[in-house]
Amino acid sequence: MSRVIDELNRGIARDRHLHLELMRWETEAYPDFHADGPQGVIDAALEIQRSHILLGIFWKRFGMPT
């Protein structure tokens, strides 16, 4: 995934004066306590509030069957 982001930054992102940054919860977040629970820790670590665009890619289905 990081190679794709690097390639995009060198190509079409540069032409459009954009910068894409890969942030992963596995490497950016850390064990901690948050008033909003574990998701609050991840949201703060990934600085989601500062993002203009967020692209989420999920490799597996999550949640309970309906």
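Laboratory data are not the source of any read-out in this text; all were calculated from the coordinates shown. Because the structure is a prediction, the values reported are computed rather than measured. Every residue, glycine as well, gets a Cβ built from its backbone with ideal geometry; the counts of neighbours run over all protein chains shown.
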Original post:
Using the Karplus equation 6.51 cos²θ - 1.76 cosθ + 1.60 (θ = phi - 60°), what ³J(HN,Hα) coupling, rounded to whole Hz, does each residue of region 19-30 give in order, writing x for Gly and Pro?
Top reply: 9, 9, 10, 8, 10, 10, 5, 5, 10, 9, 8, 9
Original post:
Among rounded, prolate and oblate, which fits the chain when a ≥ b ≥ c are the square roots of the eigenvalues of its C-alpha gyration tensor, a/c under 1.5 means rounded, and a/b larger than b/c means prolate?
Top reply: prolate
Subject >> Per-residue HN-Hα couplings for region 53-60 [Karplus 6.51, -1.76, 1.60; θ = phi - 60°; Hz; x = Gly/Pro] >> reply: 9, 10, 10, x, 10, 10, 8, 9
**OP:** Kindly state, to the nearest 0.05, the FRET efficiency for S51 paired with E7, given R0 = 22 Å and r defined as their beta-carbon distance.
**Re:** 0.60
**OP:** Express the relative contact order of the chain as a whole percentage, based on alpha carbon pairs under 8 Å and six or more residues apart in sequence.
**Re:** 19
